[in-house]
Amino acid sequence: MHEMSIALNIIDIVLEAAKQEHAERINSIEMEIGALAGVIPEALSFCFTEAQKNTPAAQAQINFKFTPAEAFCPACEHRFPAYERAVLCPKCGDMVVQLSGGTALKVKKINID
Amino acid sequence: MCDTCGCNQPDTAVTFHKAGYSMPPDSGNWRVQTSLPKIEHKHDHGREIELEQDVLGKNNALAESNRHYFKTHSILTLNLVSSPGSGKTSLLEQTIRELKLEIPMSIIEGDQQTMQDADRILAAGAPALQVNTGNGCHLDASMIERAVESLKPADSSLLFIENVGNLVCPALFDLGEAHKIVIISVTEGDDKPLKYPTMFSVSDICIINKIDLLPYVNFDVERCKAFARQVNPNLRFFEVSATNGTGMNDWYSWLKTELHTL
């Protein structure tokens, strides 16, 4: 359950940014989560609702954008986007586990007042 | 309805899409059903601020600072990760008993509770610091920074970090180590590298432990290695029994070579 520490990190990041902008509150937070970032969105949502309480982000809505990894099939050399660690190649059906990218875990932008 | 924050939209409006391809229709974990609470908020559509900030950035920066410290002091730091019960502590005890006269060693022990492991390490003959993470499932870079301040590992020494027994979360948190070493024991399933691929993909070394038990269990070493290589073609393997010493000499030689080439 590392999602709680991730949620707290998100709050730290957005509160710091809001402070620099002299904002009163944070309305929304846009996140990018890579498919291989090792984060369960449900768990992160749940932790975030706890972490945001009693902060200027208490009312903020958090939105996730998921980005895939790139898979490379050694059997047929097909490259395709993958949202899981072990996927079947859509061309030849082989199991592919060689992936790159997809590990982003970022606060992209926030909306503040 | 508001396009900026999506307020007032029905719960079902929030969906998460796997950009158009190969997800099997019901492969669960990315099909997220969120039921977000209806949020009442003032609505004058404030300013957008681009941040592009890595959530783990703080941990990664601390890990880099640890790494720099280890490098300047020629300390070889190894982060041992595995499921609970794979034999991490036994492997360390045996390594300490065999190498302590040749190489100064110290150990940071991560567990949710108790001093058991640090006591075992101390009894084997190396200084140890126990980090109890409470409910935490992993060690992070700031815990290592504080542990190192207190443990003060010698220059040109080996520092082992025995992470919390957990094959998932510790993969995400860089501690500043030179290598992650994943340990799997033959009493586990030989398909574990495919079931928990993240840990095998971020590790450089895989130690297969308890090979003295191979005659009694259904564990195919070659199958396990093949699965692990699928996930990470560059993994290097050691097959050992920390209990009876089989294969441990190769492990010791590797440690010495790594330490001397720092």
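The values are calculated or read from the model by the stated rules, or taken from the named source; none is laboratory data. Values in this document were obtained by computation on a predicted structure and should not be read as measured data. Cβ: placed from backbone, ideal geometry, glycine included. Neighbour counts: every protein chain shown. Accessible surface areas use protein heavy atoms only, side chains included; no ligands, DNA or RNA. Shrake-Rupley method; radii C 1.70, N 1.55, O 1.52, S 1.80 Å.
Structure values in brief
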| item | result |
| --- | --- |
| C-alpha center-to-center spacing [segment A:64-113, segment B:206-247] in angstrom | 29 |
| Charge sum, other residues only, whose C-beta stays under 14 Å from B:L51's C-beta, Lys/Arg counted +1 and Asp/Glu -1 | -2 |
| With all protein chains modelled, accessible area of A:M4 [1.4 Å, Å²] | 70 |
| Estimated FRET transfer efficiency when R0 is 41 angstrom, pair B:D119-B:S65 (beta carbons, to 0.05) | 0.85 |
| Two-site label geometry, A:E42 and B:K58: point separation in nm, points 7 Å out along Cα→Cβ | 2.8 |
| Karplus 3J(HN,Hα) series, Hz, for segment B:194-205 with 6.51 cos²θ - 1.76 cosθ + 1.60 (x for Gly, Pro) | 7, 6, 10, x, 4, 4, 6, 7, 8, 8, 9, 10 |
| For A:F64, solvent-accessible area (1.4 Å; no DNA, RNA or ligand), Å² | 30 |
| Acute angle (nearest 10 degrees) that the helix A:3-20 long axis makes with the longest principal axis of chain A, alpha-carbon atoms | 50 |
| Segment A:85-113 residues near the modelled A:R79 label - backbone nitrogen below 11 Å, point 7 Å along Cα→Cβ | A:100 |
| Nonlocal amide H pairs with A:A35, under 5 Å, H built at 1.01 Å | A:T67, A:A69 |
| Helical mean residue ellipticity (222 nm; -39500 (n - 2.57) per DSSP H run of 4+; nearest 500) of chain A | -8500 deg cm²/dmol |
| Local net charge near B:G134, Cβ-Cβ under 14 Å (Lys/Arg +1, Asp/Glu -1) | -2 |
| Pairwise Cα inverse-distance average, inverted: Kirkwood Rh of chain A (Å) | 15.4 |
| FRET efficiency for A:K19 and B:T261, using Cβ-Cβ distance with R0 set to 35 Å, rounded to 0.05 | 0.15 |
| Average projection area in nm² (convex hull over Cα atoms of segment B:57-260, one quarter of hull surface) | 10.6 |
| Segment B:S150-B:E102, extension gain: residue separation times 0.36 nm, minus the distance between their alpha carbons | 15.0 nm |
| Over segment B:57-260, relative contact order from alpha-carbon pairs under 8 Å, at least 6 apart, % | 26 |
| Nitroxide proxy distance, nm - points 7 Å out along Cα→Cβ at A:K65 and B:D220 | 4.4 |
| Acute angle (nearest 10 degrees) that the helix A:41-51 long axis makes with the longest principal axis of chain A, alpha-carbon atoms | 10 |
| Proximal lysines relative to B:K71, as straight alpha-carbon distance under 25 Å, when same-chain residues fewer than 8 apart are discounted | B:K58, B:K88, B:K100, B:K152, B:K180, B:K256 |
| Carbon/sulfur fraction of accessible area - segment B:57-260, other protein chains in place, 1.4 Å, % | 49 |
| Computed over segment A:3-112: relative contact order in percent, which uses C-alpha pairs under 8 Å that are six or more apart | 36 |
| Simple spin-label estimate for B:S253 and B:D204 in nanometres, 7 Å along Cα-Cβ | 1.9 |
| In Hz, Karplus ³J(HN,Hα) per residue of segment A:87-95 (6.51, -1.76, 1.60; θ = phi - 60°; x = Gly, Pro) | 10, 8, 5, x, 8, 10, x, 5, 7 |
| Built amide H within the under 5 Å cut-off of A:R25, gap 5+ | A:D113 |
